[in-house]
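The values are calculated or read from the model by the stated rules, or taken from the named source; none is laboratory data. These figures come from a predicted structure and were not determined experimentally. All Cβ positions, even for glycine, are placed from backbone atoms using ideal geometry, and neighbour counts span all protein chains on display.
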Amino acid sequence: MTCVLVVDDDSDIRGLVRELLERAGHDVLDAPDGNEGLRLFYARQPDLVILDVSMPGLEGWDVLERMRELSDVPVVMLTARAEELDKVRGLRAGADDYITKPFGRQELLARVDAALRRTPSGGEPQDTYADGFVSIDFPQRAVQAGGQPVALTPLEFRLLAAFVRNPNQVLSHEQLLELAWGSAGAAERDQVKLYVGYLRRKLGGPEGAESPIETMRGFGYRYRPVA
């Protein structure tokens with residue numbers, strides 16, 4: 001049984017989410033503020049976190065930052081803020097998804113299921129990867145490009161993993177959504193373009209060469225390992 005931690009200062013929202021998740025077969029922990037949420041997170045190590053942004057005291061952004069220092073557990077932000085900049089801020093900070101209140105019950109469950117599918121259950125298919133430019137230690141989530149460490153968010157890491165595990169293969173937007181987001185319906189196609197851009201900028205490219213991530217117009221993207 002998967003364990004989901006719900007952190008929200010609204011008791012009605014916590015009660016509703018708990019009821020929905022328990023009916024779906026999940027074990028649920030809940031916390032009314034960020035400090036209690038972090039205490040339960042450290043003590044119980046849940047499989048997924050549903051985290052409200054606007055809370056008294058420790059805001060959701062701060063809670064997310066502390067969680068990301070130790071874990072890449074899936075985090076779904078739950079908030080009344082619908083502005084695009086807030087969504088981008090949450091995703092770039094390491095959140096896996098973003099649900100705006102009021103939300104549909106089926107939407108919540110679908111996004112939770114998609115986030116959980118992205119969590120490896122049987123270990124990584126390989127422990128390490130290396131070509132002439134990029135090297136990856138999968139268990140440690142450590143990436144180097146050109147011999148320099150690169151700090152990636154969990155979503156960026158999954159996107160890079162999708163590329164290096166499918167070298168020289170053209171991956172469509174839908175395939176990348178499945179591989180990195182967990183479902184073709186978990187995000188918009190524009191988010192693929194946005195995050196490929198983030199990943200390219202962080203990795204850079206070999207001296208005098210373009211990024212190993214190529215755009216195949218009309219088809220998607222391809223990773224060309226550097227010899």
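Condition check ((1) buried (at least 16 other Cβ atoms within 10 Å of the Cβ); (2) farther than 20 Å from Ala130 by Cβ; (3) of a type outside the set (Gly, Ala, Ser); (4) touching a strand residue (DSSP E or B) at 6+ places or on another chain (Cβ under 8 Å)) across all residues:
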residue	(1), (2), (3), (4)
Gln148	no, no, yes, no
Leu176	yes, yes, yes, yes
Gly208	no, yes, no, no
Gly220	yes, yes, no, yes
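Under the condition of being part of a helix (DSSP H, G or I) and surrounded by 22 or more Cβ atoms within 10 Å (Cβ to Cβ), which residue from the stretch 36-63 is modelled with the highest pLDDT?
In the first step, residues of the stretch 36-63 are kept if they are part of a helix (DSSP H, G or I); the result is 36-44, 60-63.
Filter once more, keeping what is surrounded by 22 or more Cβ atoms within 10 Å (Cβ to Cβ): 37, 41, 60, 63.
Working: Gly37: 94, Phe41: 91, Gly60: 90, Val63: 91.
Among those residues, the one meeting the criterion is Gly37.
Suppose we keep only residues that are in a strand (DSSP E or B) and out of contact with any Leu (no Cβ under 8 Å at 6 or more places or on another chain) within the stretch 144-182. Which one would you say is nearest to Arg66 (Cα to Cα)?
Just the residues of the stretch 144-182 that are in a strand (DSSP E or B), to begin with: 144-145, 148-150, 171.
Narrowing further to those that are out of contact with any Leu (no Cβ under 8 Å at 6 or more places or on another chain): 144, 148-149.
On the way: Gln144: 23, Gln148: 24, Pro149: 21 Å.
Here the residue is Pro149.
Yes or no, residue by residue, for (1) in contact (Cβ under 8 Å) with a residue 60 or more places away in the chain; (2) of a type in the set (A, V, I, L, M, F, W, C):
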{"site": "Leu5", "(1), (2)": "no, yes"}
{"site": "Asp9", "(1), (2)": "no, no"}
{"site": "Arg18", "(1), (2)": "no, no"}
{"site": "Leu21", "(1), (2)": "yes, yes"}
{"site": "Leu29", "(1), (2)": "no, yes"}
{"site": "Glu36", "(1), (2)": "no, no"}
{"site": "Tyr42", "(1), (2)": "no, no"}
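One line per residue, one yes/no per condition, for (1) outside the structural domain of Glu69 (by TED's automatic domain parsing); (2) within 22 Å of Leu116 (Cβ to Cβ); (3) charged (D, E, K, R):
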position	(1), (2), (3)
Gly132	yes, no, no
Val143	yes, no, no
Ser172	yes, no, no
Glu188	yes, yes, yes
Lys193	yes, no, yes
Lys202	yes, no, yes
Pro206	yes, no, no
Ala209	yes, no, no
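Filter the stretch 28-70 down to residues that are in contact with a Cys (Cβ under 9 Å, 6 or more places away or on another chain) and not aliphatic (A, V, I, L, M), then give me how many there are. Before you say what the answer is, go through the steps one by one.
So the first thing to find is which residues in the stretch 28-70 are in contact with a Cys (Cβ under 9 Å, 6 or more places away or on another chain), and the list is 28-29, 44-48.
Restricting the remaining residues to those that are not aliphatic (A, V, I, L, M) gives 44-47.
Of the residues in the stretch 28-70, 4 are in contact with a Cys (Cβ under 9 Å, 6 or more places away or on another chain) and not aliphatic (A, V, I, L, M).
Within the stretch 163-207, restricting attention to residues that are at pLDDT 90 or above and among the charged types (D, E, K, R), which residue is farthest from Ala142 (Cα to Cα)?
Lys193
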